[in-house]
1. Do you know which of the residues in region 69-93 that are outside any loop (DSSP other than H, G, I, E, B) and more than 16 Å from the chain's Cα centre (by Cα) is farthest from VAL34 (Cα to Cα)?
2. Could you tell me which of the residues ILE39, ILE44, ILE31, ILE54 is surrounded by fewer than 19 Cβ atoms within 10 Å (Cβ to Cβ), over 21 Å from GLY115 (Cα atoms) and among the hydrophobic types (A, V, I, L, M, F, W, C)?
3. So, in region 253-263, of the ones that are in contact (Cβ under 8 Å) with a residue 60 or more places away in the chain and part of a helix (DSSP H, G or I), which residue ends up most open to solvent (accessible area, probe 1.4 Å)?
4. Report yes if VAL120 is touching a residue at least 60 places away in the same chain (Cβ under 8 Å) and either under 15 Å from the mean Cα position of the chain (by Cα) or closer than 20 Å to LEU253 by Cβ (or both), otherwise no.
5. When the residues of region 171-189 are filtered to those that are in contact (Cβ under 8 Å) with a residue 40 or more places away in the chain and open to solvent by 20 Å² or more (accessible area, probe 1.4 Å), which remaining residue is nearest to LEU239 (Cα to Cα)?
6. Please verify whether region 141-152 includes one or more residues that are touching a Pro at 6+ places or on another chain (Cβ under 8 Å), open to solvent by less than 10 Å² (accessible area, probe 1.4 Å) and hydrophobic (A, V, I, L, M, F, W, C).
7. Would it be correct to say that ASP272 is open to solvent by 40 Å² or more (accessible area, probe 1.4 Å) and assigned to a loop (DSSP other than H, G, I, E, B)?
8. Considering (1) among the charged types (D, E, K, R); (2) part of a loop (DSSP other than H, G, I, E, B); (3) under 23 Å from the mean Cα position of the chain (by Cα), say which one ASP25 fails and leave the rest.
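The values are calculated or read from the model by the stated rules, or taken from the named source; none is laboratory data. Source: prediction; values computed, not measured. Please note: Cβ atoms are built from the backbone with ideal geometry, for glycine as well, and neighbour counts cover all protein chains shown. Calculation scope for accessible area: heavy atoms of the full protein, side chains included, ligands and nucleic acids excluded. Shrake-Rupley method; radii C 1.70, N 1.55, O 1.52, S 1.80 Å.
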Amino acid sequence: MTHLQAGLSPETLEKARLELNENPDTLHQDIQEVRDMVITRPDIGFLRTDDAFILRFLRARKFQHFEAFRLLAQYFEYRQQNLDMFKSFKATDPGIKQALKDGFPGGLANLDHYGRKILVLFAANWDQSRYTLVDILRAILLSLEAMIEDPELQVNGFVLIIDWSNFTFKQASKLTPSMLRLAIEGLQDSFPARFGGIHFVNQPWYIHALYTVIRPFLKEKTRKRIFLHGNNLNSLHQLIHPEILPSEFGGMLPPYDMGTWARTLLDHEYDDDSECNADSYNTSAKDIDKDLSPKSMKRSQSVVDPGVLKRMDKNEEENMQPLLSLD
């Protein structure tokens, strides 16, 4: 085991070996092979190429070197193409902060039986008068940046539950094609996280209709991991045990506290509504002021100056076991 695997439990080390093809004997060579590809994309500014950073992309693509590099390139390309999204990219940014406090996203205390982090979204909590859908997406991406620092989650991944109860048609009308594409590109195509399932519960007909429209634009792997449960929480419980779910999802735990993850990320600034410092943002309770925005992210070796942005072809990434067929 190398120092890069020091944060993994013995069980997760074995999972990384079996499922992700992670080999401690070739780990540094694998990382260097991805790093060597940076020169092939002079149009992209690779603001980080350190070992620990590249490793998360290799894990997200089962150590397929080219696919890991493709994801790394898309990660930075997405940030270069959407610079406004990543200005003031910190938990204390007013829009992000309010979205976090309303539970965008929430995170359950217990992992599922595969060791995955369970994220929850209560869609009706969106207060359109205080922050935008882009702020919600920024809050989710910021949260994932913090969570993916955990090597256990790099290997085991995430599950997302979206509760559409009381989500109005007016709110749904804001889910424009451009907004949905921005979210799909940011989460599906450009972030090194393994999503084992995306669960819709209590979705109204117009959300079901909207999903039907965007479904052809999702990767086949993504489509296989989206489950429309409606009001049938029993089907949800077949995949995520009710013992670790709050009562909103028919679980055995108390109702979810929307501020749980926000308090972790914001720490002592949770109740402080004063203007925030524009030069830093929180990534974890231990590292309050670390900033990973494209402009301020610390450059490391093999940095290439950004030029004209080009769109890469996005091929299918590695296959994962589907959980269930769509409802």
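1. Selected residue: ASP84.
2. Every option except ILE39 fails the conditions.
3. THR260
4. Against the criterion (touching a residue at least 60 places away in the same chain (Cβ under 8 Å) and either under 15 Å from the mean Cα position of the chain (by Cα) or closer than 20 Å to LEU253 by Cβ (or both)), VAL120 qualifies.
5. Ranking the qualifying residues of region 171-189, first place goes to LEU187.
6. Yes: one or more hits.
7. Spelling it out, ASP272 is indeed open to solvent by 40 Å² or more (accessible area, probe 1.4 Å) and assigned to a loop (DSSP other than H, G, I, E, B).
8. Every condition holds for ASP25 apart from (3).
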